[in-house]
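To keep things clear, I will list the structure first and then write my remarks on it.
The values are calculated or read from the model by the stated rules, or taken from the named source; none is laboratory data. This structure is a prediction, so every number in the text was calculated from the model and none was measured. Ideal geometry is used to build each Cβ from the backbone, glycine not excepted, and the neighbour counts take in all protein chains shown.
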Amino acid sequence: MEEKVKISLVGIEDKSYDIVITDKYSRIPVFLKETGDFDGFCIITDKNVNRFHGNKFIYSIRSKIGIRTELLSILPGERSKTLTEAGNLCEKMLKKGFTRKSCVISFGGGVVGDLAGFTAGIFMRGIPFVQVPTTLLACVDSSVGGKTGVDLLIAKNSCGIFHQPKIVLIYPQFLLTLPLEEFCNGLFESIKHGLIKDAKYFDFIMKNIKKILSKDISTLIHLIKWSCSIKAEIVSKDEKEKGLRRILNFGHTIGHAIEVVSDFKMGHGMAVGFGMLAEAKIGNLCGITPNSVVKTIEDSLKILNISKTNFKTDSLIDAMIKDKKNFRTKENEIRISFVFPLDIGKVKVYDFSVAEVKEFLKKIA
């Protein structure tokens, strides 16, 4: 079974590419070979993915494509997503003889994808890269759209570039080795796609939740394709988040703040789940999000065993003030952006002062 989704980015430069979802492992090196005439592949992965899949993956490329292929491994987790680690990877790539004609393969989850894409974007002023995601979160969200970057000490994803991959290759069987908690992190992002853009997709997830959680491959292929199609439509219209793409941030303003305050002990998807519910409740306070929509979101998140969290309002505000989506008015007032649901499948972006956000957080605590 094989599915394709196209991201069309045609401007001064054609940066369009395919997202390929295949249940045949042997197809991965075939697509890699067709992607470009490279003088070598540098696989960037983490130690967990390397342990489960590294040897087979590197062997399949070396044996079927026949060009120089090296693997660089980082420690798993958000703490590896730093400028220092990106610099270390560039140094290692240079020592191993990679050139402007080489290609980086991001082989892992969201952290690996963000870091590898950023590293490819700055190495020798930018070389191509390919996404081969191994987590559900990366499959349905972070591998698609070209956002790459690293965290600074006080803010998540505050240093980065838009660097589109040459192709995204998704092999759902990689998800079979994924712990359930990590798998659910990705499912929160799938639910988000339904909530912001497609009520039918949201219904599909809810009706097929048992098959999804049991990792039924045919259901996962359908899920991943649908999520990628939603994101592809949005990114194709707004590559650099000047307008429409902002709706993909539903739950992320509060979600990213929760990640920072928890010292990244909470997974991205879970934090976004909390963020979606909190932002829906704030929307409800503002008379924008109906009670029924808040209830629907709350019920959907309970299925994934989301539990109550408790973070101090001031800590969350401090983190939100540093969010890259904020802007300042002519009066030098910081405005914090939120995405509020108007209905299932329909959202709108709003912004508020720091004082207003403080009051909202106190009321929904």
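Residues that are surrounded by fewer than 19 Cβ atoms within 10 Å (Cβ to Cβ) and farther than 26 Å from Asp14 by Cα do occur in segment 189-200, at least one of them. Elements of the type strands (runs of 3 or more DSSP E) sitting completely within segment 8-113 and holding at least 2 residues that are of a type in the set (S, T, N, Q): these cover 69-74. Of all the listed residues (Ile209, Ile221), the sole one being in contact with a strand residue (DSSP E or B) (Cβ under 6 Å, 6 or more places away or on another chain) and more than 18 Å from Gly275 (Cβ to Cβ) is Ile221.
Residue check: is Val130 within 13 Å of the chain's Cα centre (by Cα), modelled with pLDDT of 95 or more, hydrophobic (A, V, I, L, M, F, W, C) and crowded, with 24+ Cβ neighbours inside 10 Å? Against the criterion (within 13 Å of the chain's Cα centre (by Cα), modelled with pLDDT of 95 or more, hydrophobic (A, V, I, L, M, F, W, C) and crowded, with 24+ Cβ neighbours inside 10 Å), Val130 does not qualify. Here are some residues: Ser227, Ser218. Which one is over 23 Å from Tyr350 (Cβ atoms), outside the structural domain of Tyr350 (by TED's automatic domain parsing) and crowded, with 22+ Cβ neighbours inside 10 Å? None of the others qualify; the one that does is Ser227. Residues in segment 114-134 that are hydrophobic (A, V, I, L, M, F, W, C), free of Cβ contacts under 8 Å to residues at least 40 places away in the same chain and part of a strand (DSSP E or B): Phe129 only. Does segment 74-97 contain at least one residue that is in contact with a Gly (Cβ under 8 Å, 6 or more places away or on another chain) and under 23 Å from Ile21 (Cβ atoms)? So far as segment 74-97 goes, no, none of its residues is in contact with a Gly (Cβ under 8 Å, 6 or more places away or on another chain) and under 23 Å from Ile21 (Cβ atoms).
Here's the yes/no breakdown for (1) surrounded by fewer than 24 Cβ atoms within 10 Å (Cβ to Cβ); (2) at pLDDT 95 or above; (3) closer than 14 Å to Ile161 by Cα:
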site: Ser80; (1), (2), (3): yes, yes, no
site: Thr99; (1), (2), (3): yes, yes, no
site: Ser106; (1), (2), (3): no, yes, no
site: Val111; (1), (2), (3): no, yes, no
site: Ile122; (1), (2), (3): yes, yes, yes
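Scanning segment 257-316 for residues being in a helix (DSSP H, G or I) and not aliphatic (A, V, I, L, M) gives a total of 21.
Please find, among Ser315, Ser337, Ser353, the residue that is under 16 Å from Ala271 (Cβ atoms) and among the hydroxyl-bearing types (Ser, Thr, Tyr). So the residue among Ser315, Ser337, Ser353 that is under 16 Å from Ala271 (Cβ atoms) and among the hydroxyl-bearing types (Ser, Thr, Tyr) is Ser315. The set of residues in segment 143-198 that are within 28 Å of Asp263 (Cβ to Cβ), more than 13 Å from the chain's Cα centre (by Cα) and of a type in the set (Ser, Thr, Tyr) comprises Ser158, Thr177.
Looking across Ile297, Ile334, Ile303, one residue alone is within 23 Å of the chain's Cα centre (by Cα), over 18 Å from Ala365 (Cβ atoms) and either surrounded by 15 or more Cβ atoms within 10 Å (Cβ to Cβ) or charged (D, E, K, R) (or both). It is Ile303. The set of residues in segment 145-167 that are modelled with pLDDT of 95 or more and of a type in the set (A, V, I, L, M) comprises Val150, Ile161, Ile167.
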